[in-house]
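Have a look at the structure below, then the notes.
Every read-out reported here was derived from the displayed coordinates using simple, explicitly stated rules and does not represent laboratory data. As the structure is a prediction and not an experimental result, all values here were calculated from the model.
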Amino acid sequence: MSYLVYVAAFGCGVVFFLWIRDTRIFVRTVLPGYRSAAYRGVLYCALSLLGLALTYSSNPVFPTELIGLGIILAALYLQGKVEREKVFSDGDWWDRLAGKAPLSKKHRSRGN
C-alpha cells in the first residue's frame, strides 16, 4: 500500500467535512445556495469515495493511484464551485470552520 492511499483518505475526509459543514449552515440559515451545496455534496462525497477506492485498489499492472487522486481533487474543485450566499461577515475563525452561522428568523421564532 502506497502513501498515496493516506493522501486520498485525507482528501476524502475533507470532502465529507465540507459537505457536513454546508449541511449545518443550511439547517441553521435555510439559504437556497447552501441547500444546493448540501445536495451536491452527497454526489461529491460519492465521487471522492470512488477515488479512494481506485487509489486503494491500485496494482502494478494498471496503476490507478493517480486517477483516484485526480477524481478526489475534481470532487474538491467542484464542491468549491457551488454558488453560496455570504453568511459570515465577521466572527471567529473557529465559527467559520465549524459552520456556526447565525440562525434564521424561522428558528429564532420557535425559541431555538
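In the chain, the DSSP-assigned H stretches of four residues or longer account for a calculated mean residue ellipticity at 222 nm of -23500 deg cm²/dmol, using -39500 (n - 2.57) per stretch and the full residue count as denominator. Note that the stretch 71-82 has calculated 3J(HN,Hα) couplings of 5, 5, 5, 5, 5, 5, 5, 5, 5, x, 8, 6 Hz, one per residue in order, obtained from phi through the Karplus relation 6.51 cos²θ - 1.76 cosθ + 1.60 (θ = phi - 60°); glycine and proline are x. Against the chain, whose longest principal axis comes from its Cα atoms, helix 32-56 is set at around 20 degrees. Between the stretch 85-99 and the stretch 1-66, the alpha-carbon centres lie 22 Å apart. Which one is right for this structure if volume of the Cα convex hull per residue in Å³ is calculated from it: [x] 82; [y] 102; [z] 138? Given [x] 82; [y] 102; [z] 138, the calculated one carries the label [y]. Relative to the longest principal axis of the Cα atoms of the chain, the long axis of helix 4-29 makes an angle of roughly 20 degrees.
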